[in-house]
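Engineer: Take a look at the following structure, please.
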Amino acid sequence: MNINVDLKAKQPASNGPTEETVIAVTHYTDFLFSFRITRPSGFKFRSGEFVMMGLQVNGKPLLRAYSIASPNWDDELEFFSIKVPDGPLTSRLQKINPGDKVLLGRKPVGTLVHDALKPGENLYLFSTGTGFAPFASIIRDPETYEKFNKVIVTHTCREAIELDYSKQVVGSVIEHEYLGELANGKLYYFDSVTREQYFRNGRITSFIENGELFQMLGLNGLNPQTDRAMICGSNQMIADTKTLLAAAGLTEGSNAAPAEFVVEKAFVG
Ligand code: A2P
């Protein structure tokens, strides 16, 4: 009898990814989709964190860092992904269907979390493209509305159709029995489009500079005493937005040293 050896052979490596089941998939455009998977018992994360996620490809795990778009109270995990036609992972991941298996890392991490910000009054969540994903988590977390009086989520995309996911998530917060009450009068959605006609055209950096963002809120501009921010987008979007926040006197924080704003690159691949 060799029970011990048999049991050991069936156990996944204790730090390796777990195998999870796809529950639902929604396609928004030829380049964007979201999906929900099972959440293993004991999988803890802070809203806004990312985790390694992927597929078994040719017998090997192929994983990328993905922001978790669902809030930490959700029984399932949600992700919002780009589809890159020749991307090693997303060319395959875009074909998943309910019932399929995906791989999930065990250790969520990240800086787009409440812990990395000092207490404040207004929370700005600046995103472009799939950079909205961590904020889909943050705006569905009750703690966000307990900590801030105004929560302003901005999403800028090239085309209007790319805003469908963020519109749907914001709508679901407003309509949610419990979250809707908390977010009522606190949650603001500032959407804009840069490469086709829309009711609001332009980059978020332009709306910070020309003050249009603050007019909507009845505020005068950024204030390091009251304002906190999270930024998620491309490297250049992050750099330009950081420059504007720094000019207003806000400093960058981290889990180890909370301050007025935090940044993370939106993941692609
Ligand atoms: P634009 O169309 O003017 O480049 P991308 O797909 O390149 O990551 O861009 C996503 C969105 O982010 C687009 O609307 C794009 O506007 C905008 N964007 C790109 N670079 C910046 C930047 N440096 N600052 C602010 N917004 C940016």
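Engineer: In whole Hz and in residue order, list the ³J(HN,Hα) couplings for segment 52-62 that follow from phi through the Karplus curve 6.51 cos²θ - 1.76 cosθ + 1.60, θ = phi - 60°; x for Gly and Pro.
Structural biologist: 6, 8, x, 9, 7, 10, 6, x, 10, x, 10
Engineer: List every residue whose amide H lies under 5 Å from the amide H of S70, counting only residues 5 or more places away in sequence or on a different chain, with H placed 1.01 Å from N in the peptide plane.
Structural biologist: It is E78, by chain and number.
Engineer: To continue, here is another question. Which whole number in µm²/s is D for segment 114-263 by Stokes-Einstein, with the Kirkwood Rh taken over Cα pairs at 25 °C and 0.890 mPa s?
Structural biologist: Values: Rh = 15.4 Å.
Reported coefficient: 160 µm²/s.
Engineer: Now, a different point. Enumerate the amide H contacts of D100 below 5 Å, restricted to partners 5 or more residues apart or on another chain; note that Pro and chain-start residues carry no placed amide H.
Structural biologist: V22
Engineer: Turning to a different aspect of this structure: Which trypsin sites (Lys or Arg not before Pro) does segment 94-189 hold that lie in a coil by DSSP with at most 13 other beta carbons within 10 Å?
Structural biologist: Values: sites: K95, K101, R106, R140, K147, K150, R158, K167, K186; in loops: K95, R106, R140, R158, K186.
Listed in order of number, the matching sites are K95, R158.
Engineer: Considering the chain as a Gaussian network with a 10 Å cut-off on Cα pairs, which listed residue, G180, G218, G129, attains the greatest mean-square fluctuation?
Structural biologist: G218
Engineer: Using the Kirkwood radius over C-alpha pairs as Rh, can you work out the diffusion coefficient of the chain via Stokes-Einstein at 4 °C, viscosity 1.567 mPa s, in µm² per second? It would help to have the intermediate numbers written out before the result.
Structural biologist: On the way: Rh = 19.3 Å.
The diffusion coefficient I find is 67 µm²/s.
Engineer: Just need the relative contact order of segment 2-104 here, percent rounded to a whole number, with Cα pairs under 8 Å and 6+ apart. Each step should come with its number before you reach the end.
Structural biologist: Values: 176 pairs, mean separation 34.7, N = 103.
Rounded, it is 34 percent for segment 2-104.
Engineer: For the chain, what relative contact order do you get, as a whole percent, if you take Cα pairs closer than 8 Å and at least 6 residues apart? All intermediate terms of the calculation are to be shown ahead of the outcome.
Structural biologist: Working: 560 pairs, mean separation 52.5, N = 269.
Relative contact order of the chain: 20 percent.
Engineer: Per 10 Å bin, what percent of the C-alpha pairs of segment 1-130 does each bin hold, from zero upward?
Structural biologist: Per 10 Å bin, starting at 0, the Cα pair percentages come out as 11, 38, 31, 14, 4, 1, 0.
Engineer: Which whole-Hz ³J(HN,Hα) couplings does segment 225-230 yield from phi under the Karplus relation 6.51 cos²θ - 1.76 cosθ + 1.60, θ = phi - 60°, glycine and proline marked x?
Structural biologist: 6, 10, 9, 10, 8, 10
Engineer: Among I174, I204, I152, which one shows the highest mean-square fluctuation when the chain is modelled as a Gaussian network with alpha-carbon springs under 10 Å?
Structural biologist: I174
Engineer: Can you compute 3J(HN,Hα) from phi for each residue in segment 77-90, using the Karplus curve 6.51 cos²θ - 1.76 cosθ + 1.60 with θ = phi - 60°, rounded to whole Hz and x for Gly and Pro?
Structural biologist: So the J values, rounded to whole Hz, are 10, 10, 9, 10, 10, 7, 10, 9, x, 10, x, x, 8, 6.
Engineer: Would you mind checking which residues have amide H under 5 Å from F267's amide H? H placed 1.01 Å from N; only 5 or more apart, or other chain.
Structural biologist: Sorted by chain and number, the residues that satisfy this are S67.
Each reported figure results from applying straightforward, stated rules to the coordinates on display, with no laboratory input. Here the structure is a predicted model, which means the values were calculated and not measured. Virtual Cβ from ideal backbone geometry, glycine too; neighbours counted across all protein chains shown.
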